[in-house]
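Taking it in order: structure first as structure tokens, then the write-up.
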Amino acid sequence: MERFPVTAVSLLGLLGLWIAAAALTSDPSILPQPWSLVGPAWTEIASGKLPYHLGHTLVRVAWAFALAMGIGTVLGFVMGRCETVNRWLDPWLVVFLNLPALVLIVLCYLWIGLNETAAIVAVTLNKVPNVTTVIREGVRSFSGDLDAMATVFRMPFRRRLRHVLLPQLAPYMSAAARSGVAVIWKIVLVVEFLGRSNGIGFQIHLYFQLFDVARVLIYALSFVAVMLAVEWLVLQPWERQARRWRTA
């Protein structure tokens, strides 16, 4: 709770910069003042459009996040523990890490079609390499002494995983999750912008064509608010819990 005042003041500073920039431009069609968004935002909420499109985007983010974390964690764990597998898969990892997100999105739409499967696959493929890299480095940092202790006491794999491996890996998993959420929702918006008929990205595309800056900001900020809530209420507490054993 002691972080709340600092966070609040920081966000108020950002809001102040927005107000100052809007005042300098003196053109609501370019950058409206924050309070001028209240009316249009309420209209979008009352009509059900904003909750509808926000819901579709959240579903895509949730699916892509779960798949990317699951696949990336397994790949990173195996690559970190087995040098032979790492040598074989590392070039693939480098290729996908450096392949632009836009290319993967377009190729998925061309190969799979303009559907939900292509959208989720595109986002997942863009995030799996990052998760794999973080988890692999976490596995490489495992304590040799703890591994030796588990071997001496002949701990079954399931117990070793729960009591020895996962506690050491938890900070890396939380770091991958935090960066994953931030990256995935941005890529989801691009996916929706290019090839979906609903979602926050689709609405931003629509209002971009109409040059309606106010509604572009409303839809963008609605999702930013959701992601901030996820960050503060879920990811940051999880990260503190994951790191607690290191300072206990």
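Report the extension gain between residue 95 and residue 8 in nm, rounded to one decimal, defined as 0.36 nm multiplied by the number of residues separating them, less their alpha carbon distance.
Working: separation 87, 0.36 × 87 = 31.32 nm, distance 4.06 nm.
Full extension from residue 95 to residue 8 adds 27.3 nm.
Over region 52-243, what is the mean sequence separation of C-alpha contacts under 8 Å (at least six apart), divided by residue count, expressed as relative contact order in percent? Walk me through the numbers on the way to the answer.
Details: 200 pairs, mean separation 54.3, N = 192.
Result for region 52-243 is 28 percent.
Considering only C-alpha atoms, what is the centroid distance from region 195-239 to region 47-97, in Å?
20
When ligands, DNA and RNA are left out and all protein chains stay put, how many square angstrom of accessible area per residue does region 52-243 have with a 1.4 Å probe? Present the calculation step by step, with values, prior to reporting the outcome.
Numbers: 10060 Å² over 192 residues.
With all protein chains present, region 52-243 gives 52 Å² per residue.
Compute the Rg to Rh ratio over the chain from the alpha carbon atoms, using the Kirkwood formula for Rh, and round to two decimal places.
Values: Rg = 21.7 Å, Rh = 20.6 Å.
Looking at the chain, the ratio lands at 1.05.
What helices does the chain hold that run 27 Å or longer along their axis, going by alpha-carbon atoms, with a Kyte-Doolittle average of -0.5 or more, using DSSP H for the helix calls?
Numbers: long enough: 4-25 (32 Å, 1.91); 49-81 (48 Å, 0.92); 116-140 (36 Å, 0.47); 166-195 (40 Å, 1.19).
Span-like helices here: 4-25, 49-81, 116-140, 166-195.
Given the rule -39500 (n - 2.57) for each run of at least 4 DSSP H residues, summed and divided by the residues of the chain, what is its mean residue ellipticity at 222 nm, to the nearest 500 deg cm²/dmol? Intermediate results must be reported in sequence, preceding the final value.
Numbers: 12 runs with 200 residues, N = 248.
Per the formula, -27000 deg cm²/dmol.
The values are calculated or read from the model by the stated rules, or taken from the named source; none is laboratory data. Note that the structure is predicted; figures quoted are calculated from it, not measured. When the accessible area is computed, the model is the full protein with side chains, heavy atoms only, and any ligands, DNA or RNA have been set aside. Shrake-Rupley method; radii C 1.70, N 1.55, O 1.52, S 1.80 Å.
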